[in-house]
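The values are calculated or read from the model by the stated rules, or taken from the named source; none is laboratory data. Please read all numbers here as calculations on a predicted model, not as lab measurements. We place every Cβ from the backbone using ideal geometry, glycine too, and count neighbours over all the protein chains shown. The protein model used for the area step is the full one, side chains on, heavy atoms only, and it has no ligands, DNA or RNA in it. Shrake-Rupley method; radii C 1.70, N 1.55, O 1.52, S 1.80 Å.
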Amino acid sequence: MRKSFAHRLLCLTTIVTLGFSNFSYARSGGGLSILRDAEIEHTIRMMSEPIFDAAELDKNAVSTYLINDDSLNAFVAGGQNIFLHSGLLITAKDANQVIGVIAHETGHITGGHLSRFSDGVKSATVMSLIGAVLGAAAIAAGAGDAGMALILGGQQVGTRTFLKYSRTQESAADQAGLTFLEKSGQSGVGLIDFLDYLGDQELMSSRYRDPYAGTHPVSSERISKLRDRVETSPYFKKPTPAAIEHEFKRLQAKLYGYLKPPYATLNKYPLKDQSLYGKYARAFAYHQKHEPAKALKELEDLLGEYPNDPFFWETKGQILYENGKVRESILPYQNAVKNLPDESLIRVSLAQSLIATEDDQFLKEAVQHLEYAISRDRQNAFAWHQMSVAQHRLNHEAMTYYATAERFLLIGNLRGAMINARHAVDSLPKNTPNWYRAQDILVVTESNMSDKQRKKNDTEQREENRKSDKKLESTS
């Protein structure tokens, strides 16, 4: 089993140089990586969007990212982008605590709070991460120059910056967050509970303190003001809807089973725990232990109870794929897509299995799934990689160049993106959307190359032209 689980469960989008690699479990120098998982992203959005609506934000313009880090932390960066640490989700005692943190971070967005910066050990990683995420997003949306500036800018400031808010900004974000909770009919108890925990953290040595306590200063006066308002709210004792709490417990079981050592998962979710959450967590623990039969048994039990659950089907497909049973993984993935056709990440996983059979009869179906997935998520570098493989196998040279250019752009290989974009421009039908897009990539990459890279590329291009001319002369 590959630690990455090779694309699905927690398909990892990791900062390697300038961009993304959502296929391997490599990490940036500071160890931060973005976790991608269809189910977890769905649950986070379920908890977040009522807050965004209450804040009168366009929920489609607010992005949420999950960072693979054990600490209890969350922050806003680059405008309307909220980053949550996996440690926060795993440690939270209930969904309401996380919803409270999201409401608070949304308060920073609506307050237009500018980040103050100071030195910190993780500063380079955090800011490079933000720069790469937001830069790739801008490029994928067509704003190439702005995107590349964000990427390079993130790396340049990364060595000296770290997000931190003032006490005044914290208080303003608290009050705004409570307003959003009240407008969406939710209790603020979770936010108070979380801040109580942070208050205790501030008494600890900085070595052991969670980062959130350092970047979001807490005081007894601040908590007291919040408590007074929360306890007078008409929603003070209102419980979180059971459906949201259920989805959150599923999220925790999945994250725990994937991120924690198997022994820890089996201790927290022992065999006597026959709940959905226990079986789900153990499936991932057994997968990590290279015991696929036990993992699949847990999933078969779950599918017996929930035959239309797309995420259980997806996990079964992944475990089969990761254990070399590529053809057997296709049907579970197809069932997952059937039950959740709009989910792009699952479609990419299905396409991967179809391509990995090395049976060309499946290639057209794979391309269809990849086209759908890419139309909804152009930042998925792994999807572009799979597209390039499928197009190459179909002997579609122009589309192979184009897909490769998109992938290289997202993973930060500017030279590779430029070379493939040039070939795509030369071979794609002119005045088509892909042809225009390839031109954009070519312009962006050429304009952001160093003088040394540009000279090397010009030399190689002249040599390539010379060989091409010589070949034409010999055939004439």
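In the range 384-401, what residues are part of a helix (DSSP H, G or I) and under 20 Å from LEU350 (Cβ atoms)?
TRP384, HIS385, GLN386, MET387, SER388, VAL389, ALA390, GLN391, HIS392, ARG393, MET399
Taking the range 49-84 only, how many residues are touching a helix residue (DSSP H, G or I) at 6+ places or on another chain (Cβ under 7 Å), open to solvent by 20 Å² or more (accessible area, probe 1.4 Å) and in a helix (DSSP H, G or I)?
3
Only one of these is free of Cβ contacts under 8 Å to residues at least 60 places away in the same chain and either in contact with a strand residue (DSSP E or B) (Cβ under 7 Å, 6 or more places away or on another chain) or closer than 23 Å to GLY87 by Cα (or both): PRO292, PRO262, PRO307. Name it. Lay out the reasoning, then the answer.
Details: PRO292 fails: either in contact with a strand residue (DSSP E or B) (Cβ under 7 Å, 6 or more places away or on another chain) or closer than 23 Å to GLY87 by Cα (or both); PRO307 fails: either in contact with a strand residue (DSSP E or B) (Cβ under 7 Å, 6 or more places away or on another chain) or closer than 23 Å to GLY87 by Cα (or both).
Answer to the selection: PRO262.
Give me the residue from the range 229-258 that is β-branched (Val, Ile, Thr) and either part of a loop (DSSP other than H, G, I, E, B) or over 28 Å from SER71 (Cβ atoms) (or both) and, out of that set, most open to solvent (accessible area, probe 1.4 Å).
Step one: filter the range 229-258 for residues β-branched (Val, Ile, Thr), giving 230, 232, 240, 244.
Those still in the list that are either part of a loop (DSSP other than H, G, I, E, B) or over 28 Å from SER71 (Cβ atoms) (or both) too: 232, 240.
Numbers: THR232: 110, THR240: 32 Å².
Filtering the range 229-258 for residues that are β-branched (Val, Ile, Thr) and either part of a loop (DSSP other than H, G, I, E, B) or over 28 Å from SER71 (Cβ atoms) (or both), the one most open to solvent (accessible area, probe 1.4 Å) comes out as THR232.
Go through the range 404-413 and give me each residue that's assigned to a helix (DSSP H, G or I) and open to solvent by 20 Å² or more (accessible area, probe 1.4 Å).
THR404, ARG407, PHE408, ILE411
Do we have any residue at all in the range 32-39 that's assigned to a loop (DSSP other than H, G, I, E, B), modelled with pLDDT under 85 and under 16 Å from the mean Cα position of the chain (by Cα)?
yes
Looking at TYR372, TYR401, TYR333, can you tell me which residue is in contact with a strand residue (DSSP E or B) (Cβ under 9 Å, 6 or more places away or on another chain) and either touching a residue at least 12 places away in the same chain (Cβ under 8 Å) or surrounded by fewer than 24 Cβ atoms within 10 Å (Cβ to Cβ) (or both)?
Being in contact with a strand residue (DSSP E or B) (Cβ under 9 Å, 6 or more places away or on another chain) and either touching a residue at least 12 places away in the same chain (Cβ under 8 Å) or surrounded by fewer than 24 Cβ atoms within 10 Å (Cβ to Cβ) (or both) holds for just one of TYR372, TYR401, TYR333, which is TYR333.
Looking at the range 303-318, which of its residues are of a type outside the set (Ser, Thr, Tyr) and under 26 Å from the mean Cα position of the chain (by Cα)? Give the derivation first.
From the range 303-318, those of a type outside the set (Ser, Thr, Tyr) are 303-305, 307-314, 316-318; that's our starting set.
Correct list: ASN308, ASP309, PRO310, PHE311, PHE312, TRP313, GLU314, LYS316, GLY317, GLN318.
Could you identify the single residue in ALA356, ALA293 that is buried (at least 18 other Cβ atoms within 10 Å of the Cβ) and at pLDDT 95 or above?
Just one listed residue meets the conditions, ALA356.
Taking into account only those residues within the range 158-175 that are open to solvent by 30 Å² or more (accessible area, probe 1.4 Å) and at pLDDT below 75, which is farthest from the chain's Cα centre (by Cα)?
Among them, the one singled out is ARG167.
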